[in-house]
Amino acid sequence: MGDIDELHALRKTFYVGAYQQVINDATNPGAVPKSEAARLERRVYLYRAYIAQSRFNMPMNEITPADSAELRAVRLLALWLSQTSQSNRDAVVSDLAALIAGSQLTPLLAVIAASIYYNHALYEDALKILHPFSKNLEAVALTTQTLLKMNRVDLAKKEVAAVKTWADDATLAQMIEAWANLFPAAEDKFHEAFYTFDELASSNTATAKLLTSKAVCKIHSAKFDEAEELLTNALNWDNNNAEALINLIICANATGKPSEVASRYLNQLKDAAPSHIYLQELQLKEDMFDRAVQRFSV
């Protein structure tokens, strides 16, 4: 008989976005894992849950230089997300490179490091560090997400096909396939993805992450009113959820709402997640537009 996975439930709770439940479970003194590795991983998920709630000071203040490389990487992730200047983010990435160079690479460290690289738009670096861990679900999930971001849908589909051979029933494997199904322009795939997220929301807590995922499926099907209702519900669970706010901006623009509506969501997003990649890309496009205007101005 194999070893019992002491953190199976905690991981699943994290994957579906029930971050407060992760914090509650990971700080429960009556459920401390027996193995040192599981205790370390539990702390990693605890601080990642704080980060998901934009409570960056928790890992930044509590993780010390004496902690493991995995935990120090989590602190760097919190530090990167808390920064707004490019130079400060570049400094965090440099610190990450030094940490990796002096540490043994584990799946947990690779996933956290790749998360920083992904946010920093260093997609090739993210894929490279994840590559050795093709049988780790989170590594596969982030690899798939990165490939989709790079518009390499073909390679993302290969990742999905591979993971289904060894983890088809796992919650995260189902979510990986649903994400990939949103990329082809096929209505049946949008429905398939929606029902995956709907089933997960029915069997777990209907988190902001799952509700937003359902809403994205509706947006792909051009059902903006239904998407907006789901996104409003998502904000009831987490009123500063960045992904919900971004998709509410999309819905507001697609349905011709007054510009003030989208502007309100955008301002809320800037307060909630000032370093979000959506805002970085939006600023880049605004700068490009301003330069184009200057070129053609009289």
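The values are calculated or read from the model by the stated rules, or taken from the named source; none is laboratory data. On a predicted model such as this, the values are computed, not experimentally measured, just so you know. Cβ atoms come from the backbone with ideal geometry, glycine included; neighbour counts cover every protein chain shown.
From Ala110, Ala121, grab the single residue that is on the phi > 0 side of the Ramachandran plot and among the hydrophobic types (A, V, I, L, M, F, W, C).
Only one candidate passes the filter, namely Ala121.
Can you report the number of residues in the range 255-298 which are touching a Phe, Trp or Tyr at 6+ places or on another chain (Cβ under 8 Å) and surrounded by 14 or more Cβ atoms within 10 Å (Cβ to Cβ)?
Matching residues across the range 255-298 total 2.
Being among the acidic types (Asp, Glu) and within 14 Å of His8 (Cα to Cα) is the filter; apply it to the range 22-57 and report the residue that is nearest to the chain's Cα centre (by Cα).
Glu41
This table checks each residue for (1) at pLDDT below 95; (2) touching a Leu at 6+ places or on another chain (Cβ under 6 Å).
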position: Thr143; (1), (2): no, yes
position: Val153; (1), (2): yes, no
position: Lys164; (1), (2): yes, no
position: Ala185; (1), (2): yes, no
position: Ser202; (1), (2): yes, no
position: Ser213; (1), (2): no, no
position: Ile219; (1), (2): no, no
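Show me the helices (runs of 4 or more DSSP H) found entirely inside the range 1-99 where at least 2 residues are over 27 Å from Ile277 (Cβ atoms).
Helices (runs of 4 or more DSSP H) meeting the threshold: 8-15, 19-26, 36-52.
Of the residues in the range 178-233, how many are of a type in the set (A, V, I, L, M) and more than 18 Å from the chain's Cα centre (by Cα)?
6
Looking for something within 26 Å of Ala244 (Cα to Cα), buried (at least 16 other Cβ atoms within 10 Å of the Cβ) and without any contact (Cβ under 8 Å) to a residue 40 or more places away in the chain - is there at least one such residue anywhere in the range 27-46?
yes
Taking the options Thr207, Thr212, name whichever one is surrounded by 21 or more Cβ atoms within 10 Å (Cβ to Cβ), closer than 24 Å to Thr144 by Cβ and touching a residue at least 40 places away in the same chain (Cβ under 8 Å).
The match here is Thr207.
From the residues in the range 100-110 that are in a helix (DSSP H, G or I) and without any contact (Cβ under 8 Å) to a residue 60 or more places away in the chain, which one is surrounded by the fewest Cβ atoms within 10 Å (Cβ to Cβ)?
This residue is Ala101.
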